[in-house]
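What follows is one structure encoded as structure tokens, with my remarks underneath.
Laboratory data are not the source of any read-out in this text; all were calculated from the coordinates shown. Only a predicted model underlies this, so the values are computations on that prediction, with no experimental measurement involved. Note that each Cβ is placed from the backbone with ideal geometry, even for glycine, and that neighbours are counted across all protein chains shown.
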Protein chains: 2
Amino acid sequence: MSLASDRAKPNAAKPTLYKRIRLDIETRILTGEWPPGHRIPFEHQLMARYRCSRMTVNKALSELAQADLIERRRRAGSFVRRPQHMSAVLKIADIRAEITALGRAYGYQLIDCRRRTATSADRARLGVSTAGKVIAIACRHSADNVPFAVEDRLIDLSTVPEAAKADFAREPPGSWLLHHVPWTEAEHTISAVVADDHTAKALDIAVGAPCLVIDRYTWRSARTVTAVRLHYPGETHRLVARFKGG
Amino acid sequence: MSLASDRAKPNAAKPTLYKRIRLDIETRILTGEWPPGHRIPFEHQLMARYRCSRMTVNKALSELAQADLIERRRRAGSFVRRPQHMSAVLKIADIRAEITALGRAYGYQLIDCRRRTATSADRARLGVSTAGKVIAIACRHSADNVPFAVEDRLIDLSTVPEAAKADFAREPPGSWLLHHVPWTEAEHTISAVVADDHTAKALDIAVGAPCLVIDRYTWRSARTVTAVRLHYPGETHRLVARFKGG
DNA sequence: CACGATTATATGTCTAGACATATAAGTCAA
DNA sequence: TTGACTTATATGTCTAGACATATAATCGTG
């Protein structure tokens with residue numbers, strides 16, 4: 001067909017056709033030229049405009065629908081979606097990676113590590129009912145020898161039995177878990193507190209200074225993996241999140 | 001072809017074939033049966049296993065690749081990706097919607113609203129160099145008559161001229177912007193501070209109590225829209241984020 | 001053994017059809 | 001006017017091919 005030779009033109013644009021279609025539409029939406037609720041051209045119209053088959057425009061539109069930029073309705077057409085909420089992609093890499101990425105020297109101290117049968121408090125924190133074995137860890141992360149965060153963690157050994165063999169004096173539990181327990185899900189709760197005596201000492205800040213607290217509860221396939229609470233000195237540490245309207 | 005009749009079986013599974021393929025592979029990855037680095041079957045093998053055309057398995061694999069669950073390499077095959085970071089989808093709806101969703105009564109008070117030519121401090125905060133007009137707003141949100149957050153916002157009128165006509169005594173600026181300036185991008189910085197005199201009074205908390213601070217810088221197509229700083233009482237408010245390993 | 005050229009192969013994109021399906025819109029009767 | 005039925009249509013999924021392209025593997029040569 002003729003299109004093949006069109007694509008074979010030496011000065012042809014680099015991106016493939018469906019990507020160009022997607023980008024064209026995306027641009028019109030993002031600039032506001034096509035506001036929320038606007039019906040974008042039907043597939044057969046786009047076929048004519050771009051001189052391509054339906055599968056090609058369908059691929060472009062499907063990806064836009066997957067990204068929630070448009071909504072597709074049978075018989076009615078495709079419409080620019082109204083933004084309902086802001087959703088952030090907040091990268092919380094493991095702390096070692098985070099510090100290393102900042103070009104700072106990572107330091108780690110294990111404060112306490114003990115294996116025990118889950119207490120009722122442990123079970124409540126992990127959200128499990130059976131009293132299996134757990135590992136409780138307290139440790140501290142530092143950047144350029146300045147305290148960066150203190151960590152208080154519980155690992156459910158019935159979900160991650162391999163953790164019994166890990167050496168948490170050498171490797172931070174967050175890094176170990178990230179590399180040994182892939183594809184977890186988690187729920188984070190972020191709050192602010194003032195430093196108590198114990199936290200202040202560990203972070204080398206004043207009692208009463210603000211701290212950012214992250215509680216992370218992690219599971220894999222409905223099984224609890226770990227629960228962790230991180231204290232960051234609030235005046236120096238910041239979580240940065242890039243958002244995308246949607 | 002025979003597949004059509006297979007799909008037409010009255011007791012056939014509801015989801016379409018490519019979705020079934022995608023789910024099958026996703027399940028194996030999420031359960032750890034196929035660990036990171038594992039090469040998943042070639043397209044022609046999946047074609048044989050599911051008795052379908054290459055486009056169908058390709059669609060399933062493409063979506064998995066888009067979701068960063070697998071990595072596809074020409075000539076080599078498709079591989080389960082190693083999780084590098086945790087990415088959170090942190091929903092920060094506009095505050096009115098957030099409070100309403102909690103089933104609480106939303107209250108709003110405009111504290112101060114003035115229009116002015118951007119000062120150098122304003123320009124620095126918005127990240128613009130030209131001295132256009134801006135709107136500076138201070139307001140407070142409450143839930144069930146309890147202070148929920150105080151807001152300090154700057155809107156760039158050269159990007160959003162319609163904002164000049166908005167009535168921010170009636171409608172919170174966040175809600176107004178969300179509905180009138182779709183498809184923005186934003187960067188959030190979350191930190192913790194202790195309440196100063198002014199903030200303590202506005203939030204009805206003690207001086208020195210912890211506060212969660214969110215700085216949000218919003219733009220659309222390379223143009224600054226607004227910069228806002230929100231103070232939340234840290235002991236009562238929590239940001240919750242669902243995460244997905246990846 | 002090192003290194004450049006060749007080849008085989010898996011993915012990337014695309015076509016020109018097809019039938020399925022949800023549903024907006026129109027039609028008709030009560 | 002209202003509700004039930006029919007129809008038209010846009011999307012959803014799928015096929016059986018095709019050529020393009022990046023690159024792992026092989027081969028041959030110095």
Quiz item: Could you give the nm distance between label points at A:F42 and A:N58, where each point is 7 Å from its Cα heading toward the beta carbon?
Solution: 1.6 nm
Practice problem: Write out the trypsin sites (Lys or Arg not before Pro) in segment B:91-135 meeting two conditions: DSSP loop, and at most 16 other Cβ atoms within 10 Å of their Cβ. | Solution: B:R104
Quiz item: Which FRET efficiency value, to the nearest 0.05, do you get for A:T189 and B:A65 by plugging their Cβ-Cβ distance into 1/(1 + (r/R0)^6) with R0 = 25 Å?
Solution: 0.20
Quiz item: Cα axis of helix A:54-66 to longest principal axis of chain A: angle in degrees, 0 to 90, nearest 10?
Solution: 30 degrees
Quiz item: Not counting the cut sites, what is the longest span of chain B without GluC sites (Glu not before Pro) that DSSP labels loop and that have at most 15 other Cβ atoms within 10 Å?
Solution: B:34-234
Practice problem: In whole angstrom, note down how far apart the Cα centers of segment B:166-238 and segment A:155-193 are. | Solution: 33 Å
Exercise. Within segment B:155-197, which residues have the backbone N less than 16 Å from the label spot 7 Å out from B:T130 along Cα→beta-carbon, could you tell me?
Key: B:156-162
Quiz item: With each pseudo-label sitting 7 Å past Cα toward Cβ, what's the A:R51-A:A138 distance in nm, one decimal?
Solution: 7.3 nm
Quiz item: How much FRET efficiency would the formula 1/(1 + (r/R0)^6) give for A:R229 and B:R72, where r is the Cβ-Cβ distance and R0 is 22 Å, rounded to 0.05?
Solution: 0.05
Quiz prompt | Most mobile of B:A101, B:A76, B:A149 in a GNM of chain B (Cα contacts under 10 Å) | solution = B:A76
Quiz item: Where a ≥ b ≥ c are the square roots of the eigenvalues of the C-alpha gyration tensor, would you call the protein assembly as shown rounded, which needs a/c under 1.5, or, failing that, prolate if a/b is larger than b/c, or oblate?
Solution: oblate
Quiz item: Whole-Hz Karplus ³J(HN,Hα) for segment B:28-37, in order, using 6.51 cos²θ - 1.76 cosθ + 1.60 and θ = phi - 60°, x for Gly and Pro?
Solution: 4, 6, 5, 7, x, 4, 10, x, x, x
Quiz item: Over segment A:98-201, what relative contact order in percent results from Cα pairs under 8 Å that are six or more residues apart?
Solution: 23 percent
